[in-house]
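Beneath this line is the structure, given in structure tokens, with notes to follow.
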Amino acid sequence: MRVGIMGGTFDPIHVAHLFLTEEARERLGLAFVLFMPTGDPWLKAVKPRTSRDVRLHMVELAVESNPFFRASDIEVRRPGPTYTVDTLQKLAEDLGSDTELFFLLGMDSLAEFPKWRSPERVVQLCTPVVFRRPSASDGAPEAAIRKVPSLRRKLIVLDAPVFEVSSSEIRRRVAEGRSVRYLVPDAVERFISEQGLYLEPN
């Protein structure tokens, strides 16, 4: 069984996250995809604007209509900094040896990959899958491979459709009182409004 993992801060989750994950699910033949909000992302200089529970709830709202998508709380429930290698090890134990894990990430995350804890072990535990953004440099995969050679035999690069949406842009629009309709799922838009999230500038 092939299982995808879509990790991220998801502050908030938006339609590009969902569309690109559905694209990967279809193209890679994934049985389902776990959407996994980070708890305390140790590599991010800017910490999440909202709490772990709020980000998890937005993910749950966003994926509930897709039978192939599932929200996972494995990282938000872990105290302290969260490391992908620990998460993958736990999933490998829980899902069993018949499961092949595919870790979906953006080109910006791939550039940071050599800085992750135990990157070679991460490659042993999963198949990294990167979305090549139209605006990204084509040199990013090779730069990461030079530092983590085992990526060369496992990394899958998928061309991403032009879909320039970011969580920071959504937060900025909310703070400016502008609409985010169609940039986030309807249920997430309602939740952001009801909870008064992101009213302060980034």
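Bear in mind that the values in this text are calculations on the coordinates, not laboratory data. Computed from a prediction, not measured in an experiment: that's the story for all the values here. As a convention, Cβ positions derive from the backbone with ideal geometry for all residues, glycine included, and neighbour counts pool all protein chains shown.
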Amide H contacts of Phe35 (H built 1.01 Å from N, under 5 Å, at least 5 apart or other chain): Met6, Arg70, Ala71, Ser72
Top of Pro48, Pro149, Pro185 by mean-square fluctuation, Gaussian network on the chain, Cα under 10 Å: Pro149
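Averaging the inverse of every distinct alpha carbon separation and then flipping it gives the Kirkwood radius. What is it for the stretch 1-87, in angstrom units?
Numbers: mean 1/r = 0.0757 Å⁻¹.
Computed over the stretch 1-87, the radius equals 13.2 Å.
Go through Lys115/Lys154; Lys47/Lys90; Lys47/Lys115 and tell me which ones have a Cα-Cα distance over 20 Å in this structure.
Lys47/Lys90
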Phi-based couplings in Hz for the stretch 168-185 (Karplus 6.51, -1.76, 1.60; Gly and Pro marked x): 5, 5, 5, 4, 5, 5, 4, 4, 8, x, 9, 6, 10, 4, 6, 8, 10, x
Other-chain or far-sequence residues with amide H under 5 Å of Glu100's (modelled H): Arg2, Val3
Cα centroid separation, the stretch 102-131 to the stretch 10-29 (Å): 17 Å
Relative contact order of the stretch 2-164, pairs being alpha-carbon contacts under 8 Å that are 6 or more residues apart, as %: 22 percent
For the stretch 53-66, 3J(HN,Hα) per residue [Karplus equation, 6.51 cos²θ - 1.76 cosθ + 1.60, θ = phi - 60°, Hz, x = Gly/Pro]: 5, 5, 5, 4, 5, 5, 5, 4, 5, 5, 9, 5, 8, 9
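For every other residue with a beta carbon closer than 11 angstrom to the beta carbon of Ala62, add +1 if it is Lys or Arg and -1 if Asp or Glu, then tell me the sum. Intermediate results must be reported in sequence, preceding the final value.
Numbers: positive: Arg55; negative: Glu60, Glu64, Asp186, Glu189.
Local net charge: -3.
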Rounded tilt (10° steps) of 15-28 against the dominant C-alpha axis of the chain: 30 degrees
GNM result for the chain, Cα springs below 10 Å: residue of Arg121, Arg171, Arg153 fluctuating most strongly: Arg153
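If you scale each eigenvalue of the Cα gyration tensor by 5 and take the root, what three semi-axes come out for the stretch 77-156, rounded to whole angstrom and sorted largest first?
Values: eigenvalues 101, 40, 28 Å².
In descending order, the three semi-axes are 23, 14, 12 Å.
Could you work out [θ]222 nm for the chain from helices alone, using -39500 (n - 2.57) per DSSP H run of at least four and dividing by all its residues? Round to the nearest 500 deg cm²/dmol.
Numbers: 9 runs with 82 residues, N = 202.
Calculated at 222 nm, the ellipticity per residue is -11500 deg cm²/dmol.
Is the stretch 2-164 best put as rounded, prolate or oblate by its Cα gyration tensor, with a ≥ b ≥ c the root eigenvalues, rounded for a/c under 1.5, and otherwise prolate when a/b is larger than b/c, oblate when not?
Details: a/c = 1.23, a/b = 1.18, b/c = 1.04.
Judged from the Cα gyration tensor, the stretch 2-164 comes out rounded (a/c under 1.5).
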